[in-house]
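What follows is one structure encoded as structure tokens, with my remarks underneath.
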Amino acid sequence: MEIPYSIEEREDTGLINSKLGIWIFLASEVMLFGGLFSAYIFLRLAAPPGDFEYWASKLSVPMATVNTMVLISSSVSMVMAWASLKLKDFSKFKMYMGITLLCSALFMVIKYFEYTSKFSHDIFPSSSTFMAIYFTLTGLHGIHILGGVVVMLYFYLPFSHQLWHDQPEHFTNRVEALGLYWHFVDLVWIFLFPVLYLL
Amino acid sequence: MSSDNSKEAIQEHIRVYMMVFGALAVLTVITVLASFLKVSTSEAIFLALIIASIKASLVAGYFMHLISEKSMIISILLLTVFFFFIMIFLPLISYTDNAGVHVPWVSIK
Amino acid sequence: MSSNNNHHDHPEENFIQKYIFSVDHKVIGIQYGITSLLFLLFGFSLMAIMRWQLAYPGTEIPIVGFIFGEGGVLASEQYNSLGAMHGTIMIFLGIVPLAVGAFGNYLVPLQIGAIDMAFPKLNAASYWTYFVGGVIMISSFFMPEGAARSGWTSYPPLSIFENGQTIWLISMIFLITSSLLGSMNIIVTIVQLRAPGLTWMRLPLFTWAQFVTSFLLVLAFPPLEAAAVMQLMDRVASTSFFLPSGLVMSGEIVDVAGSGSPLLWQHLFWFLAHPEVYVLILPALGIVGEILANNTRKPIWGFKSIVYSMVFLGFVSFIVWAHHMFLTGMGQAMSAFFQTTTMIISIPSVVILTSYFLSLWGGSIRFNTPMLFALAFLPMFGIGGLTGLPLGLAASDIYLHDTYYVIGHFHYVVAPGTIFALFAGIYYWFPKMTGKKMSEMLGKLHFWPSLIFMNGIFMPMFIQGLAGVSRRLADGGESYAHASGVLEWNEFMSISAFCLGLAQIPFIVNIIMSLFSGEKASRNPWDSTTIEWAAPSPPVGHGNFDKPVDVYRTSYEYSVPDAKKDFKPQFEK
């Protein structure tokens, strides 16, 4: 017995279950990162004047700018992957999903270099409250990127492709849900970047 | 979304995605350039958040299709955003509006 | 949606698939139910040990005294551990999983005429995440550091340096994740899977309550998860999120970066923990509504007002949290703001309670066991709510904060409040779940002593609190002169607690006996109107109903003039 409205939309709400589900999940994620942003504000107020600016100056704006562009590009390639599925072009889907995966990997590599350069200069989360919230915000964001990558791999690699052959609409909807998650991760970075690196 | 399933509709969407991509790239450059402006901290914060909000609106509206999304989703998100602002501002205000017992930071080192 | 045709769709399931890792919402609901009831019993035992200490200080604790060193007497740290863990276990491992995980998962699909939850596999994942979180939480007792002992509120700086807190935080992350997955599932299920004809205003109060509760869980829990991560980092990565500069411990300055804020934890914690208390009460209010309508044979008075009140209550619950922080040095503006919103939030509660009382007027009341518990809930919740008022007013709260008055207040709401409603629900829906009836005699034997002893434990707490006795004191307040007149109540309260424990024996016996030799229950033994009673007792394994469900009317059409019996079910033409 199939759960209804997994593929076709329910008439009065106009939604399929997974779309509503993923948006509710994203709402909870807004509150999660919101809690950390609230912490940032509170900690900045509690810190000595100029303390946050001092520690923030140790971050690399060029690396973060590149990362911002990388993540925005991955968002575009992700939505293009979904659009390719809507156009029933599976090989284009794989190409765009592959690009998204590459961008994500690049993001994490740059992040790796950012973190290790901090550590090699003896800068750790324990060094200051700015560094504490910086590592926690970007670290949690990074974990979300990794989570997204795991799901992307699931759709990119052949495991899931049987579903595309049997129920292409179902497959497309699932990729759309992944896309929504991914755009959200990009959204968080759009705020993280200026708040942590530029202010 | 059933009306949008036609090939032409999707192609139109793709055009929009590319334009948004361009806008996002430009806005990112603006964000970085704006950080060099000599303005006060609160003005800088305001400016940075405005630009970030514009970028976020583009991603949310076009990549996440919120611009044509059903009202149930929009209402849930509006509710969330409301509580988000409560969570950001009320602790902030209660920090600044204190009964004078706030202990100023002490430098020990 | 006949289940007979679908027999061929499902390959034969082995025991593990059918009972352990089942994705069927009924099995998962029962899993949640059994696990949470066991945790409630465990949390109760922790409190019983504490109460022995309070009644008979310095004497050896019977039966389990050997666990604690020094002649079977609790050391202060052990008392504090029991206190912190009692609160944590009762709330996060007991009540919420029972009220939402068990009742919610089992009944919501049935009440809306669905075959299962929207995401069955996610449902199973949420149960097992809860289970793992629970195991981790209990394991802390067996760790070298021992269990957490900084209160369920885990305020820093104490919680950063005290024992047992790291495991508590890790466990909370699992429990919060479980809650998020579960509540997300409930929302999608209610929005998307309602049977044809089941419009929003035809939903029963139980389902409305679960709907609002799930929104609270989805939006309020994540900030606590964020805060828990930060506290974990303070403990293991030496960060100073919550540690101010110049902190001195044992005469020495603590070597951390400093300039953090303990208040930040309080804000983020209470941002969840206040909506959390509405998570504790809303399902109970929903259950009571069902049982009152059914046993007065009348529609609930003010159904629409109750629905709007539940929604309004949920909404306002997000903007009252700092009434837990009146003593933290907030200025007048913020204190006034939170006091005002707190007073406002009492309005929907009063509307709901009044509507329930009014629903009794002119009813043909049947005094069966679920009804007894539901009736008792009303004045008990009333006492709980009224005693909250001086706490919500900043001026009186200055005196009453962190005293036994607070403990009395919230226990009245949760213990003879929520727990009574949950008992009522178990007696009410047991026939549906198992196909057997429970014994009325044992039910009454459970009810009357429970009601009496609940009051015996918690009423004197107001007396102690008004005298100024602080909470969380391992010696119960002995070392304070102002407590001297009121500590004699401790023995009375503790004996009430032990007797309350004994009063649960008929309940446990009833469940086990009825499972094996209870009288067979029909499809609709209570002559109820809501959709879960359309299913067989117990409901069909996969699919719940043996014929498709259509909904024709609102949820409590009792005493309808032209009906065959004295009610018209929602699901019958």
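Listed here are the residues, each with its yes/no results for (1) touching a residue at least 60 places away in the same chain (Cβ under 8 Å); (2) surrounded by 20 or more Cβ atoms within 10 Å (Cβ to Cβ); (3) aliphatic (A, V, I, L, M); (4) touching a Lys or Arg at 6+ places or on another chain (Cβ under 6 Å).
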site	(1), (2), (3), (4)
C:481	no, no, yes, no
C:494	yes, yes, no, yes
C:508	no, no, yes, no
C:531	yes, yes, yes, no
C:547	yes, no, no, no
C:561	no, no, no, no
C:573	no, no, no, no
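Go through the stretch A:144-199 and report how many residues are within 13 Å of another protein chain (Cβ to nearest Cβ), among the β-branched types (Val, Ile, Thr) and within 23 Å of residue A:84 (Cα to Cα).
Applying the first criterion (within 13 Å of another protein chain (Cβ to nearest Cβ)) to the stretch A:144-199 yields A:144, A:147, A:168-169, A:172-174, A:176-199.
Cutting the leftovers down to among the β-branched types (Val, Ile, Thr) gives us A:172, A:185, A:188, A:190, A:195.
Filter once more, so that each one left must be within 23 Å of residue A:84 (Cα to Cα): A:172, A:185.
Residues in the stretch A:144-199 being within 13 Å of another protein chain (Cβ to nearest Cβ), among the β-branched types (Val, Ile, Thr) and within 23 Å of residue A:84 (Cα to Cα): 2 in total.
Is at least one residue of the stretch B:55-76 closer than 20 Å to residue A:178 by Cα, assigned to a helix (DSSP H, G or I), facing chain A (nearest Cβ under 10 Å) and out of contact with any Leu (no Cβ under 9 Å at 6 or more places or on another chain)?
yes
Scan the stretch C:510-529 residue by residue and report those that are over 30 Å from residue C:550 (Cα atoms), loosely packed, with under 15 Cβ neighbours inside 10 Å and of a type in the set (Gly, Ala, Ser).
Once the filter is applied, which keeps residues that are over 30 Å from residue C:550 (Cα atoms), loosely packed, with under 15 Cβ neighbours inside 10 Å and of a type in the set (Gly, Ala, Ser), the stretch C:510-529 yields only C:517.
Of all the residues that make up the stretch C:153-176, how many are more than 23 Å from residue C:247 (Cβ to Cβ) and not polar (S, T, N, Q)? First the steps, then the outcome.
Taking the stretch C:153-176 and keeping what is more than 23 Å from residue C:247 (Cβ to Cβ), we get C:167, C:170-176.
Checking which are not polar (S, T, N, Q) leaves us with C:167, C:170, C:172-176.
Adding up the residues that qualify gives 7.
Considering only helices (runs of 4 or more DSSP H) fully contained in the stretch A:128-199, which possess at least 3 residues that are under 19 Å from the mean Cα position of the chain (by Cα)? Don't jump to the end; show me each part of the working.
Details: elements: A:129-156, A:161-166, A:168-192.
Per the criteria, A:129-156, A:168-192.
Which residue pairs have Cβ atoms under 7 Å apart, sit 6 or more places apart or on different chains, and have a first residue in the stretch C:259-270 that is farther than 12 Å from residue A:40 by Cα and facing another protein chain (nearest Cβ under 9 Å) and a second that is among the charged types (D, E, K, R) and surrounded by fewer than 24 Cβ atoms within 10 Å (Cβ to Cβ)?
These pairs meet every condition: C:259/A:51.
Just a yes or no: is a residue in the stretch C:241-257 closer than 20 Å to residue A:36 by Cβ, facing chain A (nearest Cβ under 7 Å), assigned to a helix (DSSP H, G or I) and modelled with pLDDT of 95 or more?
No, the conditions are met nowhere in the stretch C:241-257.
Taking only the stretch A:12-32 into account, find how many residues are farther than 16 Å from residue C:217 by Cα and either more than 7 Å from chain C (Cβ to nearest Cβ) or not in a helix (DSSP H, G or I) (or both).
7
Return yes or no: is residue A:47 among the aliphatic types (A, V, I, L, M) and either touching an Asp or Glu at 6+ places or on another chain (Cβ under 9 Å) or within 14 Å of chain C (Cβ to nearest Cβ) (or both)? Talk me through it step by step, then tell me what you get.
Numbers: among the aliphatic types (A, V, I, L, M): yes; either touching an Asp or Glu at 6+ places or on another chain (Cβ under 9 Å) or within 14 Å of chain C (Cβ to nearest Cβ) (or both): yes.
When the stated conditions are applied, residue A:47 passes them.
Name the pairs: first residue in the stretch C:109-121 and closer than 12 Å to residue C:26 by Cα and more than 8 Å from every other protein chain (Cβ to nearest Cβ), second residue hydrophobic (A, V, I, L, M, F, W, C) and surrounded by 24 or more Cβ atoms within 10 Å (Cβ to Cβ), Cβ to Cβ under 6 Å, at least 6 apart or on different chains?
What qualifies is C:109/C:117.
Could you check how many residues of the stretch C:474-509 are of a type in the set (Gly, Ala, Ser) and under 21 Å from the mean Cα position of the chain (by Cα)? Before the answer, list the steps.
Keep residues of the stretch C:474-509 that are of a type in the set (Gly, Ala, Ser), which gives C:474, C:476-477, C:479, C:481, C:483-485, C:494, C:496-497, C:501, C:503.
Checking the rest, the ones that are also under 21 Å from the mean Cα position of the chain (by Cα) come to C:497, C:501, C:503.
Of the residues in that region, 3 qualify.
Do the conditions hold for residue B:80, that is, is it at pLDDT 95 or above, surrounded by 18 or more Cβ atoms within 10 Å (Cβ to Cβ) and more than 30 Å from residue C:243 (Cβ to Cβ)?
Values: at pLDDT 95 or above: yes; surrounded by 18 or more Cβ atoms within 10 Å (Cβ to Cβ): yes; more than 30 Å from residue C:243 (Cβ to Cβ): yes.
Considered against the rule, which asks whether it is at pLDDT 95 or above, surrounded by 18 or more Cβ atoms within 10 Å (Cβ to Cβ) and more than 30 Å from residue C:243 (Cβ to Cβ), residue B:80 comes out as yes.
Would you be able to tell me the number of residues in the stretch C:200-212 that are within 14 Å of chain A (Cβ to nearest Cβ), in contact (Cβ under 8 Å) with a residue 40 or more places away in the chain and not aliphatic (A, V, I, L, M)?
Going through the stretch C:200-212 one residue at a time, the tally reaches 1.
Name the residue that is nearest to the other protein chains (Cβ to nearest Cβ), counting only residues in the stretch B:29-50 that are surrounded by fewer than 20 Cβ atoms within 10 Å (Cβ to Cβ) and closer than 23 Å to residue A:73 by Cα. Let's see the steps before the verdict.
Taking the stretch B:29-50 as the starting set, the residues that turn out to be surrounded by fewer than 20 Cβ atoms within 10 Å (Cβ to Cβ) are B:29-30, B:32-47, B:49-50.
Still in the list and also closer than 23 Å to residue A:73 by Cα: B:29-30, B:32-35, B:49-50.
Working: B:29: 8, B:30: 11, B:32: 6, B:33: 10, B:34: 8, B:35: 4, B:49: 7, B:50: 10 Å.
Going through the qualifying residues, I end up with B:35.
May I ask you to list the residues in the stretch C:368-386 that are among the polar types (S, T, N, Q) and crowded, with 22+ Cβ neighbours inside 10 Å?
Narrowing the stretch C:368-386 to residues among the polar types (S, T, N, Q): C:368-369.
Correct list: C:369 only.
Regarding residue C:331, is this residue of a type outside the set (A, V, I, L, M, F, W, C), free of Cβ contacts under 8 Å to residues at least 24 places away in the same chain, more than 13 Å from chain B (Cβ to nearest Cβ) and surrounded by fewer than 22 Cβ atoms within 10 Å (Cβ to Cβ)? Step through it out loud before you land on a result.
Details: of a type outside the set (A, V, I, L, M, F, W, C): yes; free of Cβ contacts under 8 Å to residues at least 24 places away in the same chain: yes; more than 13 Å from chain B (Cβ to nearest Cβ): no; surrounded by fewer than 22 Cβ atoms within 10 Å (Cβ to Cβ): yes.
No: the conditions fail for residue C:331.
So, in the stretch B:1-28, of the ones that are of a type in the set (Gly, Ala, Ser) and exposed (fewer than 14 other Cβ atoms within 10 Å of the Cβ), which residue ends up farthest from the other protein chains (Cβ to nearest Cβ)? Please lay out each step first, then the result.
Within the stretch B:1-28, the first condition is being of a type in the set (Gly, Ala, Ser), and the residues that meet it are B:2-3, B:6, B:9, B:22-23, B:25.
Filter again for exposed (fewer than 14 other Cβ atoms within 10 Å of the Cβ), leaving B:2-3, B:6, B:9, B:22.
Numbers: B:2: 8, B:3: 12, B:6: 10, B:9: 9, B:22: 10 Å.
Among them, the one singled out is B:3.
Which residue, of C:198, C:232, C:203, C:263, is modelled with pLDDT of 95 or more and touching a helix residue (DSSP H, G or I) at 6+ places or on another chain (Cβ under 7 Å)?
Numbers: C:198 fails: touching a helix residue (DSSP H, G or I) at 6+ places or on another chain (Cβ under 7 Å); C:203 fails: touching a helix residue (DSSP H, G or I) at 6+ places or on another chain (Cβ under 7 Å); C:263 fails: modelled with pLDDT of 95 or more.
Of C:198, C:232, C:203, C:263, the one residue that is modelled with pLDDT of 95 or more and touching a helix residue (DSSP H, G or I) at 6+ places or on another chain (Cβ under 7 Å) is C:232.
Please work out if residue C:126 is surrounded by fewer than 17 Cβ atoms within 10 Å (Cβ to Cβ) and either among the hydroxyl-bearing types (Ser, Thr, Tyr) or within 30 Å of residue C:191 (Cα to Cα) (or both). Walk me through how you get there before you give the answer.
Numbers: surrounded by fewer than 17 Cβ atoms within 10 Å (Cβ to Cβ): no; either among the hydroxyl-bearing types (Ser, Thr, Tyr) or within 30 Å of residue C:191 (Cα to Cα) (or both): yes.
Answer is no for this residue.
Based on what the data block shows, is residue A:88 crowded, with 23+ Cβ neighbours inside 10 Å, over 30 Å from residue C:265 (Cα atoms) and either modelled with pLDDT of 95 or more or away from chain C (no Cβ under 14 Å) (or both)? Walk me through how you get there before you give the answer.
On the way: crowded, with 23+ Cβ neighbours inside 10 Å: no; over 30 Å from residue C:265 (Cα atoms): yes; either modelled with pLDDT of 95 or more or away from chain C (no Cβ under 14 Å) (or both): yes.
The answer is no for residue A:88.
So is residue B:55 surrounded by 13 or more Cβ atoms within 10 Å (Cβ to Cβ), in contact (Cβ under 8 Å) with a residue 12 or more places away in the chain and farther than 30 Å from residue C:328 by Cα or not?
Details: surrounded by 13 or more Cβ atoms within 10 Å (Cβ to Cβ): yes; in contact (Cβ under 8 Å) with a residue 12 or more places away in the chain: yes; farther than 30 Å from residue C:328 by Cα: yes.
Yes.
The values are calculated or read from the model by the stated rules, or taken from the named source; none is laboratory data. Quick caveat, the model's predicted, so the values are computed rather than measured. For neighbour counting, all protein chains shown are included, and Cβ atoms are generated from backbone atoms with ideal geometry for every residue, glycine included.
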